[in-house]
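A short write-up of the structure that comes next.
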Amino acid sequence: MKVVTAIGEMRSCSRGWKSAGRKIAFVPTMGFLHQGHLSLIRAARKAGDVLVVSIFVNPSQFGPSEDLEAYPRDLDRDLEFCREERVDAVFAPPEEEIYPEGFSTWVEETELSRGLCGAARPGHFRGVATVVLKLFNIVSPDLAFFGRKDYQQFKVIEKMVRDLDLPVEVVGLPTVREADGLAMSSRNKNLSVGERRQALCLRRALLRAREMVSEGETRAAAVRQEMEGMIGREPDARIDYLEFADPETLKPRENLRPGDLAAGAVFIDTVRLIDNLLL
């Protein structure tokens, strides 16, 4: 397995694979890999001739008061996971390689990124779109794999690829969960035992929303009120947002129907967790 830190070397590897007619499958990550990441890596391994994983904690998608410094990192552990999964190359650049001095060009999707996490974290998706486009330009993948736990991110990247005519197929895979239903996240490591138990409140609230809609409730306000009550019973939980949206346009829904997206973000003390499901 190659461990590559320089853009020029990564491009050279990709050019060699392309010239040999090999299909490149790519999994971009911020590291601290878990089973959710590994599900993407395994799917990519089957789909491509060459598998590339990137590990880069992208500073431009964190706001000034967010948890960039606290975001968990363990490159040696990540590399061992990648070796076990038969990854061909890991691209793990330093920050200055991706954002050299004087960097000032950004990519911004202006419709799908407006609500949900985009409203709660201004500038977040500008950072996501910019780094993903850079990674696509560096790695030159034929296929790129993303988890649908970050549903809005997946849709924004899918739209960017379509709008900018990028020659890559974006593949979205289902959310991978712990045995008790908590969506897997690198941030779960930062939860105490008590906070970990409370973190299930968002999943339970989303399931209750689905149940209410299946029983005929169509009023988003009524469903949201029920969800807020469930989450509010946890002492360390604070709602960032609870929203309902069209699953394709991500425009808000006030009159709900089966198939709509229900999505939320909750802080458990200082740890921000997201989840979603289709009603």
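The values are calculated or read from the model by the stated rules, or taken from the named source; none is laboratory data. Please read all numbers here as calculations on a predicted model, not as lab measurements. Reconstructed Cβ throughout: ideal geometry from the backbone, glycine too, with neighbour counts over all protein chains shown.
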Does Ala221 qualify as being in contact with a helix residue (DSSP H, G or I) (Cβ under 9 Å, 6 or more places away or on another chain), of a type in the set (Gly, Ala, Ser) and either modelled with pLDDT of 95 or more or part of a helix (DSSP H, G or I) (or both)? no
Qualifying positions in region 26-40 - touching a residue at least 60 places away in the same chain (Cβ under 8 Å) and among the β-branched types (Val, Ile, Thr): Val27
Lone unmet requirement of (1) surrounded by fewer than 15 Cβ atoms within 10 Å (Cβ to Cβ); (2) out of contact with any His (no Cβ under 9 Å at 6 or more places or on another chain) for Phe91: (1)
Within region 210-221, considering residues that are without any contact (Cβ under 8 Å) to a residue 40 or more places away in the chain and surrounded by 12 or more Cβ atoms within 10 Å (Cβ to Cβ), the one nearest to Phe244 (Cα to Cα): Ala220
Just to check your reading of the model, which residue among Val52, Val57, Val27 is modelled with pLDDT of 95 or more, assigned to a loop (DSSP other than H, G, I, E, B) and surrounded by 14 or more Cβ atoms within 10 Å (Cβ to Cβ)? Val57
Any chance Leu112 is touching a residue at least 12 places away in the same chain (Cβ under 8 Å), surrounded by 14 or more Cβ atoms within 10 Å (Cβ to Cβ) and more than 16 Å from the chain's Cα centre (by Cα): no
Condition first: in the same structural domain as Ala199 (by TED's automatic domain parsing) and free of Cβ contacts under 8 Å to residues at least 24 places away in the same chain. Can you find one or more residues in region 256-268 that meet it? yes
Residue match in region 258-277 (condition: among the hydrophobic types (A, V, I, L, M, F, W, C) and more than 24 Å from the chain's Cα centre (by Cα)): no
Please enumerate the residues belonging to region 250-279 that are of a type in the set (A, V, I, L, M) and in a strand (DSSP E or B). Leu261, Ala262, Ala263, Ala265, Val266, Ile268, Val271, Leu273, Ile274, Leu277, Leu278
Taking region 138-194 as the region of interest, how many residues are over 20 Å from Gly127 (Cα atoms), touching a residue at least 40 places away in the same chain (Cβ under 8 Å) and either of a type in the set (D, E, K, R) or part of a helix (DSSP H, G or I) (or both)? 5
